[in-house]
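Can you keep this structure in mind? I'll have questions shortly.
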Amino acid sequence: VKHSKCLLLPMFFLLFVQDAVCTLNTLQTNASALEQIRQGRSNPQLQLQAMIGFIERSGLTVDKLDNLNIIHVTGTKGKGSTCAFTERILRNYGFRTGFYSSPHLVQVRERIRINGHPVGKELFAKYFWQVYGRLFETKEMNSETMPAYFRFLTILAFHVFLQEKVDLAIIEVGIGGAYDCTNIIRHPWVCGISSLGIDHTQILGDTIEKIAWQKGGIFKPGVPAFTVKQPEDAMRVLKDRAKEIGCSLQVCPSLVDYDSDCVPVTLGLAGQHQLPNASLALQLSHAWLKRKCLLGEKSVNVVQLSMKLFICVCCDLGLADTEWPGRNQTLKHGDITYYLDGAHTMRSMLACVQWFKETAAQHELNASGPVTRVLLFNSSGERDSAAMLKLLVPCHFDYAVFCPNITEAIASCNADQQNFNVSVDYMLTRCLDNESSWRLHNSSPQDQVSPQRLIGDAPCLVPEKNAETLVFPCILSSLQWIAQGKDSVLVNPDKTQLPVKPSVMAKAALLREATEIHVLITGSLHLVGGALKHLDPAMSI
């Protein structure tokens, strides 16, 4: 009997975790409600106060968060990479790290990491039900409600880190800063701001000054803060915010400007745009270590450690070892090379294009025959996808493939990647708009034709002519068509293949004849995550 129970235990935990994720998804705001919120947002200060109420109902207090020794990081681009660099540096110094980030790529557990790894399934389920139970039990008192998805995960992360007794917690802001739910943190050890740009304008404002004001809201009195070089108007606002709040603000030098005798710095993350992120991570880590030493809590000789020597140590132990999936990531599956980058703003797309051009060109130098280039693209929200697609035109793709952020068209166990914030109709319409934008950028008016439905009865629209553009109903069907049977991971019997009309298969001649296929997957981190679910099965374990 005991043996039978042992065999059933893994299945029990699997169901327990899936039940937790499905329950978590009920906290997502549906599309219609979200639109109402956008049109008439309530007082953001009251929303922050509500977060404190949720924290207390969960059994935590704001005072307890002081025990997490927090590094708080915001920015428009690069904040996740900065956190990843910082986490790796401090973990390599022997500290037990907690790291909270968003969004996740494949599994929601990725958002809450202990020592660089997603919190285990058993621990996730255990802590989820502890927090959810406390909140649910108190929701009827004084007409209280349940926290929304991101708020709940933020509370859960704090709970996990406290229970697991991490030495520090690196907390990435969700959106903005001043009124982000992570900003209930009162006494972080150090704050950081990565590169600023225009994004989330409906929430943060439509100018760089307004956005900078929001981001500077994470500054705290007496807490050191660091930022990378910013546009002049943004920097002026940040300096004013720092002075108003009462904290020191320092601008990080470029990596090449550090006085170091080390060999050239090697980063584990590709792309020139990662250099300022790495510099910011060095400053955040160094500042955190100095305070740790001054408090005498751990023996780390860093007070006397010059930045020069610190950089040398971090080059060998930290920066070069950092991994952050879905950002300038390259996966090679036989004759197919996938380039994955979740760029979704104009600035990040420029960086993505530069990285792809350089990296793909290097790979193509070693190709023994013709190489076919494919773009797999989607974008979501308020972003100007037409402008981003225009930036991608010089990459000279043979095909441009579009699909919604739907992992598989056929229902399966995808609770981690369900998104109720947008409707399926909206996602499909957005794909058709993207397809039209690409054709406008690449075709003369007389070449443009109306798209026709060519893939069975699935909600898939592709043009009858102009074979370089296709629209598929999901990420898996897109990848399978692009691979044309050349990627064994995608022809796995567990992965259902949608029927494709002969007329659509005929468009794949270049793919079948190519010696190598190079696929750039970009425009959305959710798209990249859905692709990684199929391309890197280890991420689903």
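Give the distance, in whole Å, between the Cα centre of the range 463-541 and the Cα centre of the range 101-128.
Going from one Cα centre to the other spans 28 Å.
Could you state how much accessible area Y258 has, in square angstrom rounded to the nearest 10, with a 1.4 Å probe and all protein chains kept in place?
That residue has around 30 Å² of solvent-accessible surface.
Probe radius 1.4 Å, ligands and nucleic acids ignored: give me the carbon and sulfur share of the accessible area of the range 321-360 as a rounded percent.
52 percent
Let me ask you something else. Out of all Cα-Cα pairs in the range 88-227, roughly what percent, to the nearest whole number, are more than 17 Å apart?
Pairs farther apart than 17 Å: 66 percent.
Would you list T201, T74 from the most to the least accessible area, probe 1.4 Å?
From most exposed to least exposed: T201, T74.
I'd like to know how the range 36-163 sits against the 2.2 N^0.38 Å rule of thumb: what's its Cα Rg over that expected value?
So the range 36-163 has a normalised radius of gyration of 1.13.
Among 321-330, 279-288, how do they line up from the highest to the lowest mean number of other beta-carbon atoms within 10 Å?
The packing order, highest mean first, is 279-288, 321-330.
I'd like the projected area of the range 111-159, averaged over all directions, using the convex hull of its alpha carbons. Report it in nm² with one decimal.
3.5 nm²
Using a ≥ b ≥ c from the Cα gyration tensor of the range 128-208 (square roots of the eigenvalues), is it rounded, prolate or oblate, where a/c under 1.5 gives rounded and otherwise the larger of a/b and b/c decides, a/b for prolate?
Oblate, because a/c is 1.5 or more while a/b does not exceed b/c.
Let me ask you something else. Excluding ligands, DNA and RNA, what is the solvent-accessible area per residue of the range 139-180 at a probe of 1.4 Å, expressed in Å²?
Here the per-residue accessible area is 36 Å².
Between rounded, prolate and oblate, where does the range 329-401 land on the alpha carbon gyration tensor, with a ≥ b ≥ c its root eigenvalues, rounded for a/c under 1.5, else prolate if a/b exceeds b/c?
Prolate shape, in that a/c is at least 1.5 and a/b is the bigger ratio.
Determine the alpha carbon to alpha carbon distance for each of K165/K292; K64/K165; K79/K290; K243/K292 and list only those over 18 Å.
The answer is K79/K290; K243/K292.
Which residues' amide hydrogens lie under 5 Å from the amide hydrogen of A169, considering only partners 5 or more residues apart or on another chain, with H built in the peptide plane?
Placed amide hydrogens put I70, I71, G98 under 5 Å from A169.
Which distance in Å, rounded to a whole number, links the C-alpha centroids of the range 193-239 and the range 376-408?
Cα centres, the range 193-239 to the range 376-408: 28 Å.
Can you check what the net charge comes to around E122, using other residues whose Cβ is under 14 Å from the Cβ of E122 (Lys, Arg +1; Asp, Glu -1)?
+1
Still on this model: Which pairs break 27 Å Cα to Cα here: K77/K121; K239/K357; K126/K220; K121/K486; K357/K533?
Long pairs (Cα-Cα over 27 Å): K77/K121; K239/K357; K126/K220; K121/K486.
The values are calculated or read from the model by the stated rules, or taken from the named source; none is laboratory data. Please read all numbers here as calculations on a predicted model, not as lab measurements. Neighbour counts run over all protein chains shown; Cβ positions are idealised from the backbone, glycine included. What goes into the accessible areas is simple: the full protein's heavy atoms, side chains included, and nothing from ligands, DNA or RNA. Shrake-Rupley method; radii C 1.70, N 1.55, O 1.52, S 1.80 Å.
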